[in-house]
Each structure stands twice: as structure tokens, then as C-alpha cells.
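Peer 1: Here it is: the structure, laid out below.
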Amino acid sequence: MQLVTHHLSRRTFLLGPAAAALAGCATNNRTPEQMTLSKQVQSPSPISSDPELQARYAAFEDGGHFIPAIPYQNMDPKYYRQRVADPTGEKAGTVVVDTPNRFLYLVEEGGTAMRYGVGIGRDGFAWEGEGIIHWRQPWPRWKPPAEMIARQPELEIYSVANGGMDPGIMNPLGARALYIFQNRQDTLYRLHGSPEWQSIGKSVSSGCVRLINHDIVDLYGRVPYHAPIVVHQEPFIRAV
């Protein structure tokens with residue numbers, strides 16, 4: 001399998017009206033061992049048997065909150081959480097968001113990556129580039145920004161001044177939120193959970209990058225402290 005890379009047209013964060021230039025770029029250089037693995041794993045690992053999927057997406061309690069089971073049979077199997085050959089070329093521990101294909105990868109040692117299906121909200125298309133997962137929060141409070149409240153005044157009760165929305169299964173940030181910073185500044189970009197499993201693989205009306213709650217809990221437990229993150233708004237790699 002030959003890997004053909006596509007260079008980003010830009011590697012910037014769009015922070016409000018200004019674009020901040022980013023230094024450096026990703027590399028797709030591979031070790032012989034990684035190339036061998038890529039040849040062996042030309043497609044995602046076989047989908048697990050139904051009992052495994054039932055266990056993976058079963059209902060569970062977390063932090064005093066009940067997370068219902070996911071009807072995974074109604075999802076596109078490609079968006080199931082699964083281990084795949086790493087297509088990113090990034091170092092182990094890096095989170096990579098492939099916005100066009102609606103995938104999030106956590107790069108592992110040995111040439112593999114854990115891949116998750118995601119839904120992309122309006123804010124998820126706002127920027128691309130590199131950052132750091134600077135802060136992580138289980139069962140976060142949701143505090144809509146002033147711009148959103150201006151569009152939807154009924155959200156004023158959840159404003160920063162009012163303390164935000166209490167954590168819970170219907171909170172828009174779900175069971176976990178990962179907050180992305182660049183140069184010690186909050187980009188307002190979030191990876192977060194959602195009870196809306198139907199939105200995975202789709203472009204949705206609000207939010208940044210959402211995973212089903214089962215997957216954001218899994219990702220939260222795997223992602224290293226201060227993990228780097230790379231976000232692509234264009235297809236960055238394809239296999240031929």
C-alpha cells in the first residue's frame with residue numbers, strides 16, 4: 001500500500017477574527033516496522049462480535065450519572081471505536097482530528113491508533129492547526145459564550161455569570177470535555193461527549209467535536225497529560 005499525503009493549505013488557528021500562524025508541520029516519515037504494519041493492516045481491524053459490541057456500548061454509571069446503552073446496530077460500523085493502522089504519521093500520544101472524514105485518532109506506539117467516530121459542529125469547522133489538550137474535565141459545566149447567547153437569549157440562564165448548566169447526561173458537553181489551548185490561550189475548541197449518537201459522522205448545528213459518551217470516557221482514560229492535538233480541515237492522507 002502506498003501512502004499519498006496531502007499537504008494542508010494552511011495550519012492556523014482562527015482565534016476570533018484573527019488568524020495566528022503556527023510554526024512547524026506534521027511529518028509522515030515512518031519506520032520500517034510501521035510500514036510493515038500498514039501493509040499488513042490495509043483496513044480497520046475486523047468489527048468485533050455482537051457480544052463485544054454490546055459490552056462496549058452497554059449502559060453504565062459514571063460519577064453518579066447514568067449513561068444509557070447505545071443502539072450501535074443503527075450506527076455506521078466504520079464509526080465504532082476500533083484500533084487501526086495509524087494513517088497520521090504523528091508521534092504516539094498525539095490526538096488527530098480528521099474533520100472531513102469524521103474521525104478522531106489517538107496515535108499509539110507501534111504504528112497503530114485508536115480511532116473514534118465524531119460529529120463536527122459549527123465551531124468544529126472554525127480552525128485547523130496544532131495545540132495542546134491543556135485541561136480535562138469529567139462531567140463539565142456548560143457555559144455558552146456570549147455570541148451564542150446573543151443568538152439564543154433563552155440560554156442566558158446558563159451564562160458564565162449564572163454559573164453555567166449543571167453536569168448531567170443532557171449537558172451539551174456530555175460526560176467529559178477536553179479543552180484545547182495554543183500558546184497558553186484557550187482556543188474555545190473542545191472535544192466533548194454527547195448523548196446524541198445519531199450525530200456521529202455528521203455535520204451538526206452546534207459544538208466543536210463530539211463523541212458518544214462511551215467513547216469520550218474511553219478517550220479521556222487513554223489520552224496523555226498535555227497531549228498534542230492536530231486538527232485537519234482537509235483530507236490529509238489516503239491509501240491507494
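The values are calculated or read from the model by the stated rules, or taken from the named source; none is laboratory data. Just so it is clear, the model here is predicted, and its values are computed rather than measured. Because the Cβ atoms are built from the backbone with ideal geometry, glycine has one as well, and the counts that use them run over all protein chains shown.
Peer 1: Scan W135, W142 and give me the residue that is touching a strand residue (DSSP E or B) at 6+ places or on another chain (Cβ under 6 Å), surrounded by fewer than 16 Cβ atoms within 10 Å (Cβ to Cβ) and under 18 Å from V217 (Cβ atoms).
Peer 2: Numbers: W142 fails: surrounded by fewer than 16 Cβ atoms within 10 Å (Cβ to Cβ).
Residue meeting the stated conditions: W135.
Peer 1: While we're on this one: Examine segment 210-232 for a residue that is within 16 Å of I120 (Cα to Cα), surrounded by fewer than 17 Cβ atoms within 10 Å (Cβ to Cβ) and of a type outside the set (F, W, Y), and state whether such a residue exists.
Peer 2: Looking through segment 210-232, none of the residues is within 16 Å of I120 (Cα to Cα), surrounded by fewer than 17 Cβ atoms within 10 Å (Cβ to Cβ) and of a type outside the set (F, W, Y).
Peer 1: Filter segment 60-93 for residues that are assigned to a loop (DSSP other than H, G, I, E, B) and under 24 Å from G168 (Cα atoms) and give the result.
Peer 2: First, pick out the residues of segment 60-93 that are assigned to a loop (DSSP other than H, G, I, E, B): 63-64, 68-71, 75-76, 80-81, 86-93.
Residues satisfying the conditions are G63, G64, P68, A69, I70, P71, M75, Y80, R81.
So that you can scan it fast, the table gives a plain yes or no per residue for (1) touching a Lys or Arg at 6+ places or on another chain (Cβ under 6 Å); (2) within 20 Å of Y179 (Cα to Cα); (3) touching a residue at least 24 places away in the same chain (Cβ under 8 Å):
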position: A59; (1), (2), (3): no, no, no
position: R83; (1), (2), (3): no, no, yes
position: D86; (1), (2), (3): no, no, yes
position: G93; (1), (2), (3): no, yes, yes
position: V107; (1), (2), (3): no, yes, no
position: G111; (1), (2), (3): no, no, yes
position: Y116; (1), (2), (3): yes, yes, yes
position: I120; (1), (2), (3): no, yes, yes
position: E128; (1), (2), (3): no, yes, yes
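Peer 1: Determine which single condition W135 fails, assuming it passes every other condition in (1) touching a helix residue (DSSP H, G or I) at 6+ places or on another chain (Cβ under 6 Å); (2) in contact (Cβ under 8 Å) with a residue 12 or more places away in the chain.
Peer 2: Condition (1) is where W135 drops out.
Peer 1: Still on this structure, I have one more. Just checking, does segment 151-158 include any residue being touching a residue at least 24 places away in the same chain (Cβ under 8 Å) and either assigned to a strand (DSSP E or B) or over 16 Å from C208 (Cβ atoms) (or both)?
Peer 2: We begin by selecting, within segment 151-158, every residue touching a residue at least 24 places away in the same chain (Cβ under 8 Å); these are none.
No.
Peer 1: For the subset of segment 56-71 comprising residues that are over 13 Å from Y116 (Cβ atoms) and among the aromatic types (F, W, Y), which member is surrounded by the most Cβ atoms within 10 Å (Cβ to Cβ)?
Peer 2: F60
Peer 1: Now for a different question. Examine segment 167-187 for a residue that is part of a strand (DSSP E or B), modelled with pLDDT under 95 and surrounded by fewer than 19 Cβ atoms within 10 Å (Cβ to Cβ), and state whether such a residue exists.
Peer 2: yes
Peer 1: Within segment 94-145, how many residues are in a strand (DSSP E or B) and either β-branched (V, I, T) or in contact with a Cys (Cβ under 6 Å, 6 or more places away or on another chain) (or both)? Spell out how you get there, then give the answer.
Peer 2: Going residue by residue through segment 94-145, those that are in a strand (DSSP E or B) are 95-98, 103-107, 112-117, 119-120, 129-138, 142.
Now restrict to residues that are either β-branched (V, I, T) or in contact with a Cys (Cβ under 6 Å, 6 or more places away or on another chain) (or both): 95-97, 107, 112, 120, 132-133.
Result for segment 94-145: 8.
Peer 1: What is the residue count in segment 89-137 for residues that are closer than 25 Å to G63 by Cβ and in contact with a Gly (Cβ under 6 Å, 6 or more places away or on another chain)?
Peer 2: 2
Peer 1: Kindly indicate the residue of segment 104-118 that is crowded, with 21+ Cβ neighbours inside 10 Å and not small (G, A, S) and also farthest from the chain's Cα centre (by Cα) among those meeting that condition.
Peer 2: Per the criteria, the residue is V107.
Peer 1: Follow-up question, since we're still on this one. Quick one: in segment 188-216, of everything that is outside any strand (DSSP E or B), aliphatic (A, V, I, L, M) and in contact (Cβ under 8 Å) with a residue 60 or more places away in the chain, which residue is farthest from Y72 (Cα to Cα)? Lay out the reasoning, then the answer.
Peer 2: Applying the first criterion (outside any strand (DSSP E or B)) to segment 188-216 yields 195-202, 204-208, 213-216.
Next, from what is left, pick out any that are aliphatic (A, V, I, L, M): 200, 204, 216.
Filter once more, so that each one left must be in contact (Cβ under 8 Å) with a residue 60 or more places away in the chain: 200, 204.
Numbers: I200: 11, V204: 19 Å.
Filtering first and then ranking leaves V204.
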